[in-house]
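A quick write-up on the structure given underneath.
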């Protein structure tokens, strides 16, 4: 279905093209001005990056188009409970800074980055290789989703070609990763973070003007039940409660900030350990800003469409298109602002994909290529690094073609990190906190945690929970004057049980045992805990 919003203007394409061009020129600048005589210079920026610059790169690495386009839509349908992410991020950054960062920063004992070196030093090389392979699989799947997300959401609304958008973003970030190395990636992350925040602010400010102030948006949100901060139901099947957001989110994000190569690679490339901690905690402030902006955009979205949901009114073909539909609707009167929002969405994609490509290249070279080379020259390693970046860029673009079949992209992303990141977090944590853990016991724990997580993750796609468990907040089409007959539209809305708030008293107690219905945010905690418990028991059974 093609949206009724007009296509992007020449000014919008100019702004979007300028964003892509600046990103590419940053890579070209570092290619011409920096000497990449070794893979350490190319992949680690010579380990001389300042903390304040790295903090914005940390922020951009996982704040992708899924944040720009997906999180406001989640707030629109589920409410401002996503503000609990502020508490989650505070806990996660504290744990990362005090538990994981000191361990990884002290591993800087060679000329190159080796996150998985901890697993080899603590256990054995086999566990290190397993960790590397799992990371590669995780990031290739995730990066395909990130490339696909904005292309799918913007295709119908803007008229921007699906294949063109995927190809352009993939080629640009592959280019500056390949020629510029980590310094180019970090500086483009800084630029793209500013573009993302600018896109958020453009939507928030313009909506506030239209609605007569942000106080009006808050009033509409209160009337529509969107300020639902008091959801403390412990039912594990509910996706959006205090416990799922904080407990499930803490495990999920700790697996990203604590042990994921994309993030660890950032803070270990800092000048000193104090700069690394500075980068991490400044990044926390940035997470606050982006989270608040995304929630405000979601509330603005509800305020604008509280009487006529565009999806139920047949103006858009997917709920993923809600945010660009709003942005282009309110910004198209101003030359270039629609292009700024499109640039914000694709900036999230570029920053995340470039981080993934660079980290994938590092892991592949350190763990899979170097052990088979006989004293390669520094120049050879630099060329291999560039070739590996190019290879993964092409692989991730190809993976984008499969991402469209994964349903909710935001949920699919969390499930990927839960199924793979949770057991890996358990493995690293087992080595750090349990001195009696041995290689065999830890391997058994990892297999158990990974098997359980994949089993539950795949099972949740097959055995869906009842639709009324998602607590989708009520929406309306009472003010719609378009689409199919109003009778059919009203019937469609009222017949959807998902719009009726679910009460725990209506739920049979035996259904609590159905782990396939657990919130997707609990996948990571389950994988982590099972890895820790089984790994500890197996280590005791097999000897210290």
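The numbers here are math on the coordinates, done by the rules we state, and not lab data. Since this is a predicted model, take the numbers as computed values, not measurements. Note: ideal-geometry Cβ built from the backbone for every residue, glycine included; neighbour counts use all protein chains shown.
Tabulated results
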{"quantity": "Sites residue 86 and residue 28, calculated FRET efficiency, Cβ-Cβ separation with R0 35 Å, nearest 0.05", "calculated": "0.40"}
{"quantity": "Efficiency of FRET between residue 533 and residue 318 - r from beta-carbon atoms, R0 45 angstrom, step 0.05", "calculated": "0.65"}
{"quantity": "Protection proxy ranking of 351-359, 205-213, 17-25 - average other beta-carbon atoms within 10 Å, highest first", "calculated": "351-359, 17-25, 205-213"}
{"quantity": "Additional length obtainable on full extension of the chain from residue 478 to residue 223, 0.36 nm per residue less Cα span", "calculated": "90.2 nm"}
{"quantity": "Spin-label pair residue 210/residue 271, simplified geometry with 7 Å Cα→Cβ offset, distance in nm", "calculated": "4.6"}
{"quantity": "Listed peptides 452-464, 425-437 by packing density, highest first (mean Cβ within 10 Å)", "calculated": "425-437, 452-464"}
{"quantity": "Net length gained if the chain between residue 11 and residue 194 were fully extended (0.36 nm per residue, minus Cα distance)", "calculated": "63.9 nm"}
{"quantity": "Cα Rg, Dmax (largest Cα-Cα span) when computed across the range 249-366, Å", "calculated": "18.7, 56"}
{"quantity": "Highest average packing first - 232-242, 140-150, Cβ atoms within 10 Å", "calculated": "140-150, 232-242"}
